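Student: Okay, handing you the structure first.
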Amino acid sequence: MCRFVPARWHDEYAYGEELSRVWGEDCVIVNVEHDMEYSDRLARELVACDHPLCTHAYRMHLPRECWAHGAVANAATLTVAWGSEGEEWAEFSGVGFCKIVPSARVAPLERCPWWEVEGTVNATVRGPWHVHWPAVEHYHR
């Protein structure tokens, strides 16, 4: 599991570097951001799923309210048409609480600041994302 909790001594690259540390290993990555609802049961649900790329559905609150999964509307600008409640599959997903197996990781994770981790992960995995419902809480307001 990769669970990064930012601390005052971390710089803007620490989150991406922590995820990158396990990216090349032959292991299942369960990434849980510090502001996500978490339980062992929710983590086990992702790990037990047969799909190689999974995410728990959750709401993003900034810059606007939307579901954290959807379709890529413009690959050049990484513009996402955010999805709807209940959708089981997505081309793009937030990485707040997700599972990524080795076979889904098709390129190295490039070094990036925390605000680019989501796009970088999506650019280096082979989807689609399997979206798990019901949604989990995202405490980012």
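The values are calculated or read from the model by the stated rules, or taken from the named source; none is laboratory data. Since we're looking at a predicted model, the values are computed, not measured. We place every Cβ from the backbone using ideal geometry, glycine too, and count neighbours over all the protein chains shown. Only protein heavy atoms, including side chains, enter the accessible area calculation; ligands, DNA and RNA are left aside. Shrake-Rupley method; radii C 1.70, N 1.55, O 1.52, S 1.80 Å.
Student: What is the one condition in (1) aliphatic (A, V, I, L, M); (2) farther than 17 Å from Arg21 by Cα; (3) touching a residue at least 40 places away in the same chain (Cβ under 8 Å) that Val121 does not satisfy?
Tutor: Here Val121 meets the rest and fails (2).
Student: Looking at Ser93, is it more than 12 Å from the chain's Cα centre (by Cα) and among the polar types (S, T, N, Q)?
Tutor: no
Student: Being in contact with a Gly (Cβ under 8 Å, 6 or more places away or on another chain), touching a residue at least 24 places away in the same chain (Cβ under 8 Å) and under 22 Å from His132 (Cα atoms) narrows it down to one of Leu53, Leu46, so name that one.
Tutor: Leu53
Student: Also: Out of Arg126, Arg141, report the one residue that is surrounded by fewer than 17 Cβ atoms within 10 Å (Cβ to Cβ), at pLDDT below 95 and of a type in the set (D, E, K, R).
Tutor: So the residue among Arg126, Arg141 that is surrounded by fewer than 17 Cβ atoms within 10 Å (Cβ to Cβ), at pLDDT below 95 and of a type in the set (D, E, K, R) is Arg141.
Student: Which residues, counting only those in region 93-114, are within 21 Å of Glu137 (Cβ to Cβ) and either without any contact (Cβ under 8 Å) to a residue 60 or more places away in the chain or not in a strand (DSSP E or B) (or both)?
Tutor: Our first condition is that a residue be within 21 Å of Glu137 (Cβ to Cβ); within region 93-114, this holds for 93-99, 114.
Answer for region 93-114, where residues must be within 21 Å of Glu137 (Cβ to Cβ) and either without any contact (Cβ under 8 Å) to a residue 60 or more places away in the chain or not in a strand (DSSP E or B) (or both): Ser93, Gly94, Val95, Gly96, Trp114.
Student: Please tell me if Val47 is open to solvent by less than 30 Å² (accessible area, probe 1.4 Å), of a type in the set (Val, Ile, Thr) and not in a loop (DSSP other than H, G, I, E, B).
Tutor: In short, no.
Student: In region 78-91, which residues are within 18 Å of Arg126 (Cα to Cα), at pLDDT below 95 and part of a strand (DSSP E or B)?
Tutor: Thr79, Val80
Student: Only residues that are out of contact with any strand residue (DSSP E or B) (no Cβ under 6 Å at 6 or more places or on another chain) and open to solvent by less than 70 Å² (accessible area, probe 1.4 Å): list them for region 57-77, please.
Tutor: Those that are out of contact with any strand residue (DSSP E or B) (no Cβ under 6 Å at 6 or more places or on another chain) and open to solvent by less than 70 Å² (accessible area, probe 1.4 Å): His61, Asn74.
Student: Hey, can you tell me all the residues within region 56-74 that are free of Cβ contacts under 8 Å to residues at least 24 places away in the same chain and in a loop (DSSP other than H, G, I, E, B)?
Tutor: Selection gives Pro63, Arg64, Glu65.
Student: Let me confirm something: among Val80, Val95, which residue is among the β-branched types (Val, Ile, Thr), buried (at least 19 other Cβ atoms within 10 Å of the Cβ) and more than 23 Å from Glu25 (Cα to Cα)?
Tutor: Among Val80, Val95, only Val80 is among the β-branched types (Val, Ile, Thr), buried (at least 19 other Cβ atoms within 10 Å of the Cβ) and more than 23 Å from Glu25 (Cα to Cα).
Student: Out of curiosity, is Pro108 out of contact with any Leu (no Cβ under 9 Å at 6 or more places or on another chain), more than 19 Å from Pro6 (Cβ to Cβ) and loosely packed, with under 13 Cβ neighbours inside 10 Å?
Tutor: The answer is yes for Pro108.
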